[in-house]
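*Asks:* Please see the structure below; I have some questions.
The values are calculated or read from the model by the stated rules, or taken from the named source; none is laboratory data. Source: prediction; values computed, not measured. With ideal geometry, Cβ positions are generated from the backbone for all residues, glycine too; neighbour counts draw on all protein chains shown. Surface areas here come from the heavy atoms of the whole protein model, side chains and all, with no ligands, DNA or RNA. Shrake-Rupley method; radii C 1.70, N 1.55, O 1.52, S 1.80 Å.
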Amino acid sequence: IALSFGALKERKLRAVLTIAMVVIGAGLVTALNGMTTGMLEYMVGQFSTLGANVIIVQPSSSSFRMTEPVRMTLERIPDVKDAVLFIQQTAKVQSGGKTKASIVIGIDQTKLPLIFPTIELDQGNFVPPHDSIGILLGNKVANPPDMSVPFARYGQSVTIEYSYLEGQKMTTAKRSFRVEGILAYTGASAMFIPFDQMASISLAAANSLFKRGGGYDAAFIIANSPDLVEDIMKQIRNIYGTSVQTISAKSIIQIVQNVLSMFQLFMGGIAAVSLVVASVGILAGLYTSVMERTREIGVLKALGFKNWMILMIFLNEAVLIGVIGGGVGNAAGVVLGYGMAVLAGQVRVGVTEQIPAEQGPGIIGYIAPIFPLDGFVMVWLFSVALSIFAGVYPAWRAARLDPVVALRKE
């Protein structure tokens, strides 16, 4: 090992360049693994705001109407705990001369904890089912991050305004509501029901205000257990066929995990190519070192060094390159991962800012990368293994040199 360090010191420029190649490869693998793991955890966390035992049932075409009789049929399916209808409508919320685009949902708010287990109130209470003037505001509606003062406060009056087509002309409808509650921040983005950016009123008030005439957008089905979700979805399809679509958080989480896992594998494979290139550099560097140190090898053999000792000297150099390169590469990958996450967040925000608020209420900004310990270990071991593999031939070549020929080498 001491001889290996000495050789590296004498030829430090080549050694530094070779180690740098390993650092770049290991850093890219670590950074991309951290970013994809962070994205996976973020996505799973977003979908987990909807209970694992909840199914969304919605019409697959305008010819099917989601009505109260449909809800009752769904509720009678075995192992269904409850069925909750809801209405969702894009509208404007006006408060104190300020206007904010939002999505208004009409739902029985007493059932919200069943549907969204993580939901909590910051102020006030949920709106009772038959309350026609109460409204529940999401945290970002009441306290927009781009405003220094609250948009609306608990107990204040706000106005809901929306436009709809009546005959051949657009008509505007307005109604005033009293803020009965404000939700605590949940962190959910525009997936399923983004309560941070939404306002919620009773189902009866929404049915009247939005002129739905007893028709609803969809229904939440709460199963007695997450293990029963697939069976219930199958029963719903048996009853309504292709007239409805069924979605569950559990199935979507599984799809997201599969997609991001494949993406992680794909990106990791691309980054690993740089490590393979680095191994070629190690091979070339050590082979050149053998050629330059032919006379030195001859002297060592004349002093009594065995072939395996010579072999170990050059393999030690390869191992050191892998150990140092893999370790520094892991550290560099953490820095690179955070930097890429910040840059990706800025790009997403920049793109989303071009989308009108009516079309996209949520902005996915910075998503922190996650670096599991086993990821560091795998990248480090892979770097060392590739370095050893690349160093085998030069080491073997050095061990096989004839001492007489080596001593005559100038």
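*Asks:* Residues in the range 220-231: is at least one in contact (Cβ under 8 Å) with a residue 60 or more places away in the chain and on the phi > 0 side of the Ramachandran plot?
*Replies:* No, because not a single residue in the range 220-231 is in contact (Cβ under 8 Å) with a residue 60 or more places away in the chain and on the phi > 0 side of the Ramachandran plot.
*Asks:* Scan the range 172-190 and tell me whether some residue there is part of a helix (DSSP H, G or I) and either open to solvent by less than 10 Å² (accessible area, probe 1.4 Å) or of a type outside the set (S, T, N, Q) (or both).
*Replies:* no
*Asks:* Please go through the range 129-171 and give me each residue that is in contact (Cβ under 8 Å) with a residue 60 or more places away in the chain and surrounded by fewer than 13 Cβ atoms within 10 Å (Cβ to Cβ), ordered by number.
*Replies:* His130
*Asks:* Considering the range 46-62 alone, what residues qualify as being over 15 Å from Ala219 (Cβ atoms) and modelled with pLDDT of 75 or more?
*Replies:* Hits for the range 46-62 are Ala52, Ser61, Ser62.
Residue-by-condition table, conditions (1) more than 30 Å from Asn224 (Cα to Cα); (2) within 13 Å of the chain's Cα centre (by Cα); (3) at pLDDT 75 or above:
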| site | (1), (2), (3) |
| --- | --- |
| Val256 | no, yes, no |
| Val259 | no, yes, yes |
| Met267 | yes, no, no |
| Ala271 | yes, no, no |
| Ser274 | yes, no, no |
| Ile282 | yes, no, no |
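*Asks:* Only one of Lys140, Lys111 is in contact with a helix residue (DSSP H, G or I) (Cβ under 9 Å, 6 or more places away or on another chain), within 30 Å of Ile252 (Cα to Cα) and among the basic types (Lys, Arg). Can you tell me which?
*Replies:* Lys140 is the lone residue from the list that is in contact with a helix residue (DSSP H, G or I) (Cβ under 9 Å, 6 or more places away or on another chain), within 30 Å of Ile252 (Cα to Cα) and among the basic types (Lys, Arg).
*Asks:* Here is a further query. If a residue must be open to solvent by 40 Å² or more (accessible area, probe 1.4 Å) and either at pLDDT 80 or above or under 18 Å from Val29 (Cβ atoms) (or both), how many such residues does the range 340-349 contain?
*Replies:* Residues that pass the stated criteria total 3.
*Asks:* Then there is this: Does Gln264 satisfy the criteria of being in a helix (DSSP H, G or I) and either in contact (Cβ under 8 Å) with a residue 40 or more places away in the chain or over 30 Å from Ile19 (Cα atoms) (or both)?
*Replies:* When the stated conditions are applied, Gln264 passes them.
*Asks:* Of all residues in the range 82-119, which are in contact with a Phe, Trp or Tyr (Cβ under 9 Å, 6 or more places away or on another chain), touching a residue at least 12 places away in the same chain (Cβ under 8 Å), farther than 22 Å from Phe210 by Cβ and open to solvent by 50 Å² or more (accessible area, probe 1.4 Å)?
*Replies:* Listed by number, the residues that qualify are Gly96, Lys98, Leu114.
*Asks:* Name the one entry in Arg153, Arg178 that is modelled with pLDDT under 95 and charged (D, E, K, R).
*Replies:* Going through Arg153, Arg178 in turn, the sole match is Arg153.
*Asks:* Can I ask one more? Taking the condition of a type in the set (Ser, Thr, Tyr), at pLDDT 80 or above, within 20 Å of Arg65 (Cβ to Cβ) and loosely packed, with under 15 Cβ neighbours inside 10 Å, does Thr242 pass?
*Replies:* yes
*Asks:* Looking at Pro144, Pro117, which one is farther than 30 Å from Asp82 by Cβ and either part of a helix (DSSP H, G or I) or not polar (S, T, N, Q) (or both)?
*Replies:* The unique qualifying residue is Pro144.
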